[in-house]
Amino acid sequence: CHEHRNRLSICNKISYAIGGAPYQITGCALGFFLQIYLLDVAQLDPFYASIILFVGRAWDAVTDPTIGFLVSRSPWTRFGRMLPWILLSTPLAVLSYFLIWYVPPFEDGKVIWYLFFYCLFQTLQTCFHVPYSALTMFISSEQKERDSATAYRMTVEVLGTLLGTAIQGQIVGMANAPCLPGPGDMVADPVISLEHTKVAYMISSGVICLIYVLCAVVLFFGVREQKEPMSFFQGIKLIMGHGPYAKLVMVFLFTSLAFMLLEGNFALFCSSTLGFRNDFQNILLAIMLSATLAIPFWQWFLTRFGKKTAVYTGTLSVVPFMILVVCLKSNLFVTYIVSFAAGVGVAAAFLLPWSMLPDVVDDFQVQNPESTGHEALFYSFYVFFTKFASGVSLGISTLSLE
C-alpha cells in the first residue's frame, strides 16, 4: 500500500482499521464469557472469580498510562515508533490469551493461574492497543484523512465485537455445560460433559488467537508511520488541565461504566435469571449485529445533528429497553427485541466518544501550539479511565451477585 504524501489509499485505511479488530474480538470474548467460564467451567468460587475480574481489569487500567509513557519515550526505528510495539507484543499476547481459556489439571493454584495469565494478557494487549490508538495521529497529518481512517476503524472494531461474540458464543454454545436444569429445559437433554465444554472454549480461543496474529501482520505491513517530535511530562499536566478533554473523559467514563456492567452480567442474566441457557449466545449476537448495522446511521446522525445531540439521543435510547427486560416475565421474543434496541445504543456509546476525541486533541493543539506529540497520552488516559471503572464495577457486581 503506497500513499501520496498525506493522502491515504483505501488499502492503507483498511490495513489500519484491521489492526483494531484483535482488541475488540478478545475484549468481547472476555467481557461476555469470562465470568460464566470461571464460574461454570473452571468452577471457581464466586468470590475468587470476582477477585480475578476486578484485579485483572484494575491492573489493565494501571498499565495504560505506564505503557503510554514508555511508548512516548521509546526511540524511533526504521519501522516507526508505534509499529514495533505492536509486532513484538503479539506472540506472547496470543499465548497468554490461549492459557486463560485452559483449565489447568491442578486444583490448588487455579486462582493464581487465571489471575496471572489474565493480567499478563491485559499488559501485552495494552502494548498493542495504546500504540495502535495513538497511531491515528501518525498515519497522516491531515484531519480529513484521519477522520476517514477512524470511520474505517470503527466499522472494523464493531465487526470485531460481532466476530468475538459469534466465534466464542457459537462454538461454546454447541457444547454448553448444564449446571442445573433451567425452567425451560427438558431433563431428557443429552448431557454435554464438562470436558466437551472445556475443549469448546479452547477451540474458540485458538481461532481468536489466529485472527489476532493475522490482524497484527496486516497492520504492520499495510501502514506507514510518519515522524513527529515528542515531549512528555508537562504533557500530562496540560492534558488533564484541558477542560474539554476532562469533560469528555467523564462522559466516556459513565457511559462505558453502564455498558461494561451490562456486558459483564448480561450472559449470566440471560442464562440464569431468564433461563435462556441455550439461546444466550444468539441474544448476544443480536445485540452486536444491531450495533454493527446502527453505525452508519449514527455516522449520518452526527453529521446531520451534531455530535452532542447524537450522544444524548444514543445513550438515553437504551434506558426504556433496559427497564423493560427486567420488568417483564422472561419472554424470548421480547428479549430479542430489547437486545436489538440495546445494540443501537451500544453503537452510539461505541462510536461517539471516539469520534469526539480527535476534535478535543485538535482543540488542545490550537490552544497549545508549542506542545506537540502528546497523542499517545490522550488516548492512553482515555482508555485508562474506562478500564478502571469497568474493573471496579465488575468486581462489585460479581461480589454482590455471589
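The values are calculated or read from the model by the stated rules, or taken from the named source; none is laboratory data. On a predicted model such as this, the values are computed, not experimentally measured, just so you know. Here the Cβ is made from the backbone with ideal geometry for all residues, glycine too, and neighbour counts use every protein chain on show. Protein only, heavy atoms only, side chains kept; ligands, DNA and RNA dropped before computing areas. Shrake-Rupley method; radii C 1.70, N 1.55, O 1.52, S 1.80 Å.
Estimated at the nearest 10 Å², the accessible area of V217 is 60 Å² with a 1.4 Å probe.
When you restrict to C-alpha pairs under 8 Å that are six or more residues apart and normalise by the size of the chain, the relative contact order lands at 30 percent. Solvent-accessible surface of region 263-402, averaged per residue with a 1.4 angstrom probe and all protein chains in place: 43 square angstrom. Across the options H242, T255, F276, the greatest Cα extent toward the positive end of the charge dipole of region 231-401 (unit charges at beta carbon of Lys, Arg, Asp, Glu) belongs to F276.
Paramagnetic label reach from K329 (point 7 Å along Cα→Cβ; backbone nitrogen cut-off under 17 Å): within region 254-298, residues 273-276. Taking only the alpha carbons of region 231-401, we obtain Rg and Dmax values of 18.4, 60 Å in that order.
Relative to the longest principal axis of the Cα atoms of the chain, helix 332-367 runs at roughly 20 degrees. Relative protection proxy for 91-97, 16-22, from highest mean packing down: 16-22, 91-97 (other beta-carbon atoms within 10 angstrom). Here is how the number arises for the chain: DSSP H runs of 4 or more residues each give -39500 (n - 2.57), the sum is divided by the residue count, and the result at 222 nm is -26000 deg cm²/dmol.
For region 231-401, carbon and sulfur atoms together expose 74% of the accessible surface, with a 1.4 angstrom probe and every protein chain in place. Taking 0.36 nm per residue of separation and subtracting the current Cα-Cα distance, fully stretching the chain between L399 and M250 would add 51.1 nm. Expressed as an acute angle from 0 to 90° and rounded to the nearest 10, what is the orientation of the C-alpha long axis of helix 143-174 relative to the principal long axis of the chain? Once rounded, the angle reads 20 degrees.
In terms of the mean number of neighbouring beta-carbon atoms within 10 Å, the peptides 307-318, 146-157 order highest first as 146-157, 307-318.
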